[in-house]
Every structure is written in C-alpha cells, then in structure tokens.
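Some notes on the structure that comes next.
The values are calculated or read from the model by the stated rules, or taken from the named source; none is laboratory data. From a predicted model like this one, the values you see are computed outputs, not experimental measurements. All Cβ positions, even for glycine, are placed from backbone atoms using ideal geometry, and neighbour counts span all protein chains on display. Areas reflect the complete protein model, heavy atoms only, side chains present, ligands, DNA and RNA absent. Shrake-Rupley method; radii C 1.70, N 1.55, O 1.52, S 1.80 Å.
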Protein chains: 2
Amino acid sequence: MKVQKQSDIKSYRASGFIGDYQRLVRETVIPYQYEVLCDRAGTEKSHVIDNFRNAAAALRGEDTGDGFYGMVFQDSDAAKWLEAAAYSLACQPDAELERRADELISLIASAQDKDGYINTCFTIKDRDRRWQNLLEGHEMYCSGHLFEAGAAYYEATGKRELLEVCLKNAAHIYERFVTDGTPGYPGHPEIELALMKLYRVSGDERCRELAEHFVNVRGVDPDYYVKERRARNWTVWGNNAEDGGYQQSDMPVRRQSDAKGHAVRAVYLYTAMADIASETGDSELAAACQRLWDSITQRRMYVTGGIGSTVHGEAFSVDFDLPSDTAYAESCASVGLMFFASRMLEGRVDAAYADIMELAFYNTVLAGMARDGRSFYYVNPLESIRGIAGIAPTQRHCIPQRPSWYACACCPPNIARTIMSFGKYAYGESGDTAFCHLCAAGEVSLENGISFSCETAYPFGDTVTYRIRKGGRIAVRIPRWSRQTALTLNGQPADAEIRDGYAYTAVSEGDVLAVKLDMHPRTVYPSARIPALSGEVCIMRGALVYCFESLDNGGDVLGLSLTGGSITECEAEELKGVTALSVPAVRRETSEELYSDAPPKQEKYTATAIPYFCRANRGETDMRVYLPYV
Amino acid sequence: MKVQKQSDIKSYRASGFIGDYQRLVRETVIPYQYEVLCDRAGTEKSHVIDNFRNAAAALRGEDTGDGFYGMVFQDSDAAKWLEAAAYSLACQPDAELERRADELISLIASAQDKDGYINTCFTIKDRDRRWQNLLEGHEMYCSGHLFEAGAAYYEATGKRELLEVCLKNAAHIYERFVTDGTPGYPGHPEIELALMKLYRVSGDERCRELAEHFVNVRGVDPDYYVKERRARNWTVWGNNAEDGGYQQSDMPVRRQSDAKGHAVRAVYLYTAMADIASETGDSELAAACQRLWDSITQRRMYVTGGIGSTVHGEAFSVDFDLPSDTAYAESCASVGLMFFASRMLEGRVDAAYADIMELAFYNTVLAGMARDGRSFYYVNPLESIRGIAGIAPTQRHCIPQRPSWYACACCPPNIARTIMSFGKYAYGESGDTAFCHLCAAGEVSLENGISFSCETAYPFGDTVTYRIRKGGRIAVRIPRWSRQTALTLNGQPADAEIRDGYAYTAVSEGDVLAVKLDMHPRTVYPSARIPALSGEVCIMRGALVYCFESLDNGGDVLGLSLTGGSITECEAEELKGVTALSVPAVRRETSEELYSDAPPKQEKYTATAIPYFCRANRGETDMRVYLPYV
C-alpha cells in the first residue's frame, strides 16, 4: 500500500510531548536562531543576513560592504530557518514571525541574479567560479534548502514570493544541466529531495525531471569529479575528488548496495531515490533503496538510530564498526534517516520503516538539542567519560556539553525544522485510510476527510487514544518492540486487520480507538558481530534508549555491570516528567593498579537510567548507554 | 643500590629462547635488512647506501648522482643496522658481516663534512638549511643513532673508525650548541641517550656535557620551536611548532609529570634523563623520571607494555584512554620503554622496573616481528577483527598482517638491535653483585669476575637454573606476578635476602641456584578506570600476555566470554614449542538482528589462547587479547 505524498502539515496541531517541544522551538529556538542569522546572539559571527544584503548590492553593481563571510554553504542557514518558521506558522499564526520571514524572503529575492542564479558566496566573491566546483561548492545544496523552505512557506502561508524565487532558480539549473546537457551532479545531495517537494507544491514538471536527472546521472561517469577537479585551479577544502565512494558516485545509484561516505549526503540522496522510486514505480531504484536501507539498519546504525559512525569525513564506516565512545552519529544524519524512512514508508507501508524513523527522532534528533532549546550537539556518542571525551585525540569531536552554536550551523536548524514538521512524519493518508506512523498527541485532520484527536503521554505513557471525529479507516503502527499490544474500539477488542506491523480498523464518528503498548523496560542485546559491544547490553523502554549518567549513579558508571532482574520506573533529579529506570546492577571496586591479578570486589547496586535524549542536561557527568552484562 | 652502567654485552652468550631469536636476527633479519639498505630486497626503495655515496660525492664537489631519496631521517636505518650488526659480532664472530659493516662505516666516514657535520639529506640537497629546523630536521636524531652504532661497534670489535666519526660529529654539535651558545634542542630526542653511551666508551666529557645540555635547556624556552619556525620559510611536514606538549618541551623537563606527545620521542628523552640523573645524582631529575614512569605504567600503558595509544601523532593519549582496537602501541615505543626501564634500574634496583622491561619485550617488541623474521609490525593493537582492522577509518593503521618492510623503517632494525643486545637488559652488575633482571638462558661472565650459566625454558618453562662458575653475590629478580616462588641453592631452600623484588644470595663455584616461578595462568583485571575495558579480562602466564585468535577458536572470537575456572596448558596448531592455554568460556550465538530483545543463546566452550607475541603468524584471523568476563 502506498501512502499519499502530500500529507498536509496543517492537519496536525500538536499537544503533549511533541506540543511541548514545538512550543520550545517556536518560543526559544526559532527566535534565537533568527538573532544568530542577524549576528545579534552573541555567538560566533553568522553574517547570513549580511551576506544576502551584500550579494544584492553586488548585483546592483554597488559596493558589497564587508563582503562574504562564512562557509560556502552559509546561505542554507537562512533557508533552514525559513523552513522551520514556515512549519511554525502552519501550526500557529504569528504575525511578527511572518513579518520577519517575509522580510528575509524579500532580501533573498533581491540577491537573485537575473538568470535565476542565487548564492551569496559566489555572487559576492567569485561570479566567474559559478558551477565550476560541484564537488565542494554547495551551490545546489543551498538551492535545495531554499526549495524546501519555499515549498513549506507556500504551504503554510499561500504566499508565492519565495516559491517563485525557487522556481526561477530551478529553471536556471534545469537549463544548464538538462537543456544544455552540462555534465555534473551535486557534491552534497539535497537538491534532489527538495526538487520533489517543489514539484509537488508547484506542479512544475521540470522540477521532478531535474531531480530524476541528478539521481540518474550520479555515478554513471564515476570520474566526473576528477575531471572537474582537473579543469579548475582552485578548491574550497581540497576534497579528494577520487574518493567516489565518499561521494556516493563510485557507481550508478541503481547498483549501490552499501551505505557509504558522508552520512548526511548519503541519506539525503537515498531519500530522493526512494521518493522518485515510489513516484515513478521504478522497481530497480526501489530495490537499490531497500538494499541501502538494509545496509544502514542491519549493519551500520547505532541502537539510537545514529548513523555515520566515524568522524573521519562524518561518514559511514564498514559493517559493524559501531564504537560508542568515538561515534560521530551526527544529528543531521538522523534527520536524514527520518527523511529516508518516511519516503520508504510512502513507497510501502511497513512498521519496519516507521520504527526506525521513531528511533532516530527520539534518540538522536532530540538528543541533539538541550531541554532548554539553547544548546546543540552535532555529535551523539553512546559513551562520554570525563577526562577523555572531548580531550583524547580520537574523541576531540565528542564534547561533553552541548555548545550554544556552531560556525557550521547545520544541526540546530535541522533539528528545529524536524520537530516543527513532526506531523509530516507521524501522520499520512492514502485513499480512505489515515496512517498513524508515530504516536503524536494532538488534533489531526487529513485531506481525505478523516479527522480525530490523539491523546497520549507518549513516549513515556503506554496508551494512545484516538477519538474519531470523522471516520474512515485508521491504520495504527504497532511498534515491533511492543510484545503485547491491546487494541480496543470503544472498550472492546478491536476487529483489526494486522498487516506489516499496522493495525487497520474501520472507525466512525464518536468511536474511541485505544492502543495499549507494552512499555516494560527491556534489555537489548547488540549483535555479537559488533566488536565494540561484546558482552554489553543497553536498556530501552518503548521507543526510548536509556543511558546511565554518573550524576545519578554515585559519581561513577565505569564500575557498573547489569545483572538482569526486574527493572522498575523511578524519577531522576532535575528531570521532572521524565520516566527514569531503576536497573539491577553490580558495582566493581576501582583498583589502584592499572592491571591486577586480584578480582575486583563488587557489590549489588541499583543503577539509575535516564532517557538518552535527556543526557548532558545537568552539568558535567560521565555517560554510558551500554554496560557490561554479567 | 646502583647498577654499573657498562655491563659488557660480550659477557652474555645466549641459548634457549633468546638464543633462537638471536639466531633468527643474525641469520635472517640482519642479512635481509642489509639487502634493503642496498635496494636489493625487492621492497620499497630504501636508497640508504646510495644516499651516503651521493653525499660523499657532493662533499667532493662531484655530481651527486640520483641525489637524496627517502625520509629526512633515512640515514638512521644504516646506523640501526650497524648497531644490530655490532651486537651480533659481539655475540659471535662473522668475518663476512664484519667486512660489510667496515665497508659501510668507511662509506659513512666519507660522507662526513670537514667540520664534522654528517647527514646525507642536508649534505646532498640543502647544505644551507643545516640546523635550521631542529623541530623536524632529525639531524641530531640521525647523529644519535650513529653514536649508538659507533659505541656498540667499538665495544664489539675494538675498531675506532666509526667511533672517531661520531666523536668528530659530537664535537661539531658541541661547538654549535654549547661553545657558541646557539639556542635549540632536538625535535626528536635520541642524541641525548646516545651521547651518554658515547661518553662511556670514549670517556669524552663533552659528550656527557652535551647530553646534559640538551636535557637541561629543553622546555626552558617553551617557545623555541615557534621562534625557529618563524625564522625559516620551509618545513618538512608542516609540524605544529606550537604544540609544546607533543614535543615534550612545554616546560623544563624537571617539572614534567605526564608522559605526553610522540611516545618514542618521550621515552627516548626520559631514558637520557634517567641515565643522567643516576650518573650525576640529580635527585630533582630522578624525581621527574619517577613521575613520568608512574604516568606511563600506572595510567597510560597497555597490559602488553605497549605505549602511545593513539595514531594521532603516534602519541600518548590522556590517562586511561587505552582502546584495544585503535591502539597504536608502536614497537619502537616499547623498545624505548625498555631503555627507560633499564636506566631506571641502573638508578635503583627494583623489580618494578624490570617487570615492565620484560613485559614490553615479550609482548610488544617481539610481537613486532613475525616468527620467521621476515615481516614486521609498527602497530600492536590488542584486537584485530577481519573486515574492520586495517579498513575502518579509525583502524587504517591496524593492518591485520605484518608487512615485509616500511618506507619509514624504524621498527624492524629497532627490534633487531634490541634482541641482539638482550644481555644488556637481562644482566647487570654492581660491585661484587651480579644482577639477573630478566631470565635469559646462556653463558654469563661479568667484569666483576662472577660467571655462571643459566638454563631455562623461559618464557614458557617455570624453572631458571644458575650454575655458578665463579661466585660472588647473585641477585635474581622475583617477578611480581609469581605469587609463589621457590629459591633453592644446591637443592635446599636458599638463604636469600629479598629486597625490592630481588633475591640476593651468596654463591660459590659449583653452586646451583634454582628459581621456580609460579607459572599458573592468571586472569588479569584491568582497572575500572579504563573505559574501553569495562567488564573485560585477559589471560597471562608468566611474563606473557595471551590472546585469542579465531583460527584456534572455531572461526570466531566475537561471541566468546570467559567464565573463570581452571586454565590448562595445551598446544596450538602450527605453534610448536609454544605453550598455548585452554580457557573455560561461553560462546554466544550471533543473532541475525543488529539489536535484539532476545538474549542470545550461549553454550560452554573451551577457548584456546596463544601468546600475544605469536599472533598473526598463521594467516588471516580475528584476534582479541581481552574478552568479556561473565
């Protein structure tokens, strides 16, 4: 069963856990990020707004002021902020936010060249270097983010100004790469998935065609980047043009089987591939997507839904190389994994995809942001030990506390836009069926007419109640981790058809459909094929991966081993409203010797675990997801 | 009690285990390495001999042929080979080897400049760049290795040609840095320890004074390298001049407490410091040495005696950062740790030093060479898993099989010279006492007149028998790991005085002193402070660390956990004469799922462990030193 592609974000008004997070993003993250764009936040200079201002001046032949500042992809910060703002406006009107967004959109429009080209870096500094460096230039990456913002802003407000800028830019790119047949494909995939969004809101076939073009030509000439590199005498970072695997271009995409290279780029590409496969019914492309999905989820993914295990190139490593302490597991990569999962789900409804989408959201995307919305992680290791994390040469990237902003600010706005568009992941529709992929409290009304409210204390509570306002068929995902699930319709066992992890039930106005999930905490055993996790286990409850912070465990987690036995719910300090867990353990004494012939003394201990996404919110601490199991 | 510094290598004729290894080095390694120096071994070009030939031509104002090729420290390969050859000649005359060595020495002498300067790289290519780049230039490093060779060759043969070259070179350096007061100290310490050797064989006080000078000025101006860098417009590798910690120059050596930076450089420096401290009675310097020793052995050393846990700069990491799989643990660094231990032992006889010296020798230095003497490891990780080791971005340096040679060929000749001079580490003397620091079969005769033979199947056998030919006092180390040691004199319990881990016994001609060590295999528990080893143990027997190769364990070590229980001796395939161990274990089934809620089935298994130094000698295999303990 295929799910309709255009589930409308306006159909979901969040409450509960997601509602709280959306409020945090609306009230704190979006305003804060706007201040950053304007260089008023007191963080490292962003210059994003000034870049657009200066590019507009350059186009008018005027003095470009203080020129261009920042990364070659600096523009994308503005686009990601606009996209988050659009989702926010879709959820709840906000005249001041809309005014700011409109203002920024006009500024962006003024920085677009007559031919449709838009990119402040190359407009201000290097107009003759346009399109010369697809490997590193990020021009299409920035366009892609602008297209996502343009589509979202049009959906949210009906305003066309940004949409027109995007379509003009897309037409410019189409002309170059399709009409004129200029060889090349984007170094950082993103525009492909964005063009599909732009196509859906605008109906402009060239957008779909251009997306397909870039997917189809990728890797057909695996030496494209080498030739491009040879033809120019400059680079941005000196990237290795010959590493086709890193660029997902060592072979045509339809032949690819292993998730390779830069993790964010990879899943952005796979997202577009899955989108196009289900849009066009391309079964060869769909099969490649499934192979890449399996490569990720069966061999190259952390239990948290984190992907890209190595800091070297922010990339996938080889199968089963999933170290906890040196993990990269970028927040953005898990955002991308959610994209990929949602597109796979649109091709074929199967809880396997939604399970991973949820895993990535709760355990890596959310972990990327502090609970106060004011600091962010790029990197999400599964272990962080004071004195080593952030200091040891192999763990310099694993800083123990979230910084407030980054010079390369991709993750914070990426997290913001994902939270604000949660409805797009949680709910879907197809014909007369409403899909509840994720549990998300709030009011839902779909284009097929079905509407209902969802009440739940998820991800902590075990019950999800759907009160039907307008009926039809409702398909509720039964997560694989729920070993015993009760589905009732108006208090009676529901007559549901279970297929591929979804329970399909016919519902009418006034019906109350309730799902009771098995929220018993469970011990999770990683495959013996993962060398870094031999003899170790972790604890999950529902969708949440738990971790042990030394703050809750007598100042030390390194001596702890889990012993099995009954895990019970409890509270952790300074984490109100969060279900913590008491876990039977032993604690080994720390010997003074580095290596000792004497077995360490050990005593019983009740360890406290908190959800991983809450980690590092209460000051310096050691943290471990996995503990030895004895 | 201090040990005399000049224990004469000629006093030890090895037999048994060490004798076999010395024969391997004499018959295989030294001839092979000579072929490498001459570019006749079919390995990557070395050009070492040609460099000296071309430098001599350059000095004569002639055409320098094909110029200089190789690393800036390429000359040191010739010196290390000569040093190994010298030790070999000291053990056993070999006219052909001596002829080759003499020939090479004459060639080296011909490449020495009139002023005493000797370095082919700067003589051929960059005479005006002499001494401009102490940070990276390795001029003093090469001199140091030449001095070690010169001292050893003079001791072995009584021939002075190389010694005179060295003394002239030392005088040249003395003039520049002491007489003229030119600021600076060596980027790669080595000359300091070598000057002390040169001082002892030659009696030239300037050598000792120059060694002390370099130790004393180091880090006094911690910005020396920054200033040097600013004063020149070239670098060798673009090393970071500002990282004083990496250079062991962020503070004067007497204030240093943490073993930092490039591990080989660090221990070479500490070796000279310890040598000077005991030579001069400098208690402040001795205290610094003890702090650095403790830093290494209590917080920064693998159980194998490997040091420098990170590939990033081949360096020490922070305390307790000792990962098994990404370890660097360079063979040369453990050679250097043996140097440091031996100098500490000369300052104060304590089995703690000798225990570590032995650990490093048997478990890292020996592991660096294949059992056929034809291939070598730089890097000695404690885990190697097929498909990850050598391939994953964090483990590219951990190649599963020993290569036959390296472009940067420091380790192979370093291992060779250490094996050939084993007597210098094993035996010492002071006044009327003979020290047996390490168990080493063979004939021993010391300058104080004591002589004896040592019979033992060590490191596998548990008994060491000393047959006294000429008596005195004999001090035998009782290794700390031997929990029950029996010492008998002529079959009766010996009347020994035990002090700092040594048993002192008066012996006369004809006496038979026998030591029976506790060779029961033991389970070793790493400190809970080492995050990478939580819940894991390893197995040792005597001085040997054991490891588990999948070759002996049904093709898989990742599912194994140790359970305790009786460990027994056994044999492993293709490892005749080596004591392997049968170790009670369980094997967990490998689940198809990456993460599973179901506990894996497990069954009892008897795992087979082999000595770590024998690893990777029988084809591709997974290997683990540590296993989970349940």
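Anything in the range B:265-292 that is open to solvent by 10 Å² or more (accessible area, probe 1.4 Å) and within 16 Å of the chain's Cα centre (by Cα)? List them, or say none.
Selection gives B:ARG265 alone.
When you check B:PHE73 against the structure, is it open to solvent by 10 Å² or more (accessible area, probe 1.4 Å), among the hydrophobic types (A, V, I, L, M, F, W, C), assigned to a helix (DSSP H, G or I) and out of contact with any Gly (no Cβ under 8 Å at 6 or more places or on another chain), yes or no?
Judged against the criteria, B:PHE73 is not a match.
Residue by residue, here is whether (1) of a type outside the set (Phe, Trp, Tyr); (2) at pLDDT 95 or above holds:
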| position | (1), (2) |
| --- | --- |
| B:PRO403 | yes, no |
| B:PRO413 | yes, no |
| B:ALA416 | yes, no |
| B:PHE435 | no, yes |
| B:ALA440 | yes, yes |
| B:GLY449 | yes, no |
| B:THR463 | yes, yes |
| B:THR488 | yes, yes |
| B:ALA506 | yes, yes |
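Quick check on B:PRO189: is it closer than 28 Å to B:ALA287 by Cβ, buried (at least 21 other Cβ atoms within 10 Å of the Cβ) and of a type outside the set (D, E, K, R)?
Here the answer is yes, as B:PRO189 does meet what is asked.
Return only the number of the condition from (1) under 25 Å from the mean Cα position of the chain (by Cα); (2) hydroxyl-bearing (Ser, Thr, Tyr); (3) part of a helix (DSSP H, G or I) that A:TYR225 does not satisfy.
(1) is the only condition that A:TYR225 fails.
Counting just the residues of the range A:301-335 that are charged (D, E, K, R) and facing chain B (nearest Cβ under 9 Å), which one comes out least open to solvent (accessible area, probe 1.4 Å)?
Among them, the one singled out is A:ASP321.
Quick test for you: out of A:ALA156, A:ALA194, A:ALA171, pick the one residue that is surrounded by 24 or more Cβ atoms within 10 Å (Cβ to Cβ) and either at positive phi or part of a helix (DSSP H, G or I) (or both).
The unique qualifying residue is A:ALA194.
Are any residues in the range A:606-630 open to solvent by 60 Å² or more (accessible area, probe 1.4 Å) and in contact with a Lys or Arg (Cβ under 9 Å, 6 or more places away or on another chain), and if so, which ones?
Listed by number, the list holds a single entry, A:GLU620.
Restricting the search to the range B:32-54, which residues are without any contact (Cβ under 8 Å) to a residue 40 or more places away in the chain and open to solvent by 20 Å² or more (accessible area, probe 1.4 Å)?
Within the range B:32-54, B:GLU35, B:CYS38, B:ASP39, B:ARG40, B:GLY42, B:LYS45, B:ASP50 meet the criteria.
Looking for something open to solvent by less than 30 Å² (accessible area, probe 1.4 Å), within 21 Å of B:GLY336 (Cβ to Cβ) and away from every other protein chain (no Cβ under 11 Å) - is there at least one such residue anywhere in the range B:383-397?
No, because not a single residue in the range B:383-397 is open to solvent by less than 30 Å² (accessible area, probe 1.4 Å), within 21 Å of B:GLY336 (Cβ to Cβ) and away from every other protein chain (no Cβ under 11 Å).
Provide a single number: the residues in the range A:589-630 that are touching a helix residue (DSSP H, G or I) at 6+ places or on another chain (Cβ under 9 Å) and of a type in the set (Lys, Arg).
Residues meeting the conditions: 3.
Taking the range A:276-300 only, how many residues are within 14 Å of chain B (Cβ to nearest Cβ), within 18 Å of A:GLY347 (Cβ to Cβ) and charged (D, E, K, R)?
Residues meeting the conditions: 1.
Of everything in the range B:545-581 that's surrounded by fewer than 18 Cβ atoms within 10 Å (Cβ to Cβ) and polar (S, T, N, Q), which residue is nearest to A:TYR629 (Cα to Cα)?
Among them, the one singled out is B:THR563.
Tell me, yes or no, whether the range B:401-410 has at least one residue that is touching a His at 6+ places or on another chain (Cβ under 7 Å), farther than 29 Å from B:GLY150 by Cα and without any contact (Cβ under 8 Å) to a residue 40 or more places away in the chain.
Checked against the condition, which is being touching a His at 6+ places or on another chain (Cβ under 7 Å), farther than 29 Å from B:GLY150 by Cα and without any contact (Cβ under 8 Å) to a residue 40 or more places away in the chain, the range B:401-410 yields no hits at all.
Which residue pairs have Cβ atoms under 6 Å apart, sit 6 or more places apart or on different chains, and have a first residue in the range B:437-453 that is touching a residue at least 12 places away in the same chain (Cβ under 8 Å) and farther than 14 Å from B:ARG473 by Cα and a second that is open to solvent by 10 Å² or more (accessible area, probe 1.4 Å) and assigned to a loop (DSSP other than H, G, I, E, B)?
B:ALA441/B:SER15; B:GLY442/B:SER15
May I ask you to list pairs of residues, at least six apart or on different chains, whose Cβ atoms are under 7 Å apart, with the first in the range A:219-230 being closer than 16 Å to A:GLY245 by Cβ and the second being modelled with pLDDT of 95 or more and assigned to a helix (DSSP H, G or I)?
Close Cβ pairs (under 7 Å, with a partner that is modelled with pLDDT of 95 or more and assigned to a helix (DSSP H, G or I)) amount to A:GLY219/A:VAL253.
In the range A:457-491, which residues are within 24 Å of A:ARG348 (Cα to Cα) and among the charged types (D, E, K, R)?
A:ARG473, A:ARG477, A:ARG480, A:ARG483, listed by residue number.
Within the bounds of the range A:542-564, is there any residue that is closer than 24 Å to B:LEU558 by Cα, among the acidic types (Asp, Glu) and not assigned by TED's automatic domain parsing to the domain that holds A:GLY472?
No; the residues of the range A:542-564 include none that is closer than 24 Å to B:LEU558 by Cα, among the acidic types (Asp, Glu) and not assigned by TED's automatic domain parsing to the domain that holds A:GLY472.
Could we say that B:ASN380 is away from chain A (no Cβ under 14 Å), crowded, with 24+ Cβ neighbours inside 10 Å and not in a strand (DSSP E or B) here?
Yes; evaluated as a whole, the condition is true for this residue.
Regarding B:ASN414, is this residue assigned to a loop (DSSP other than H, G, I, E, B), within 13 Å of the chain's Cα centre (by Cα) and either away from every other protein chain (no Cβ under 14 Å) or crowded, with 22+ Cβ neighbours inside 10 Å (or both)?
no
Scanning for something out of contact with any strand residue (DSSP E or B) (no Cβ under 7 Å at 6 or more places or on another chain) and without any contact (Cβ under 8 Å) to a residue 12 or more places away in the chain, does the range A:62-77 turn up at least one residue?
For the range A:62-77, residues out of contact with any strand residue (DSSP E or B) (no Cβ under 7 Å at 6 or more places or on another chain) and without any contact (Cβ under 8 Å) to a residue 12 or more places away in the chain: present.
Out of all the residues in the range A:584-597, is one or more surrounded by fewer than 21 Cβ atoms within 10 Å (Cβ to Cβ), more than 25 Å from B:ASP321 (Cβ to Cβ) and of a type in the set (Asp, Glu)?
Among the residues of the range A:584-597, not one is surrounded by fewer than 21 Cβ atoms within 10 Å (Cβ to Cβ), more than 25 Å from B:ASP321 (Cβ to Cβ) and of a type in the set (Asp, Glu), which makes the answer no.
What strands (runs of 3 or more DSSP E) lie completely within the range A:534-630 and have 3 or more residues being within 12 Å of another protein chain (Cβ to nearest Cβ) and under 31 Å from the mean Cα position of the chain (by Cα)?
Filter on the range A:534-630 gives A:536-541.
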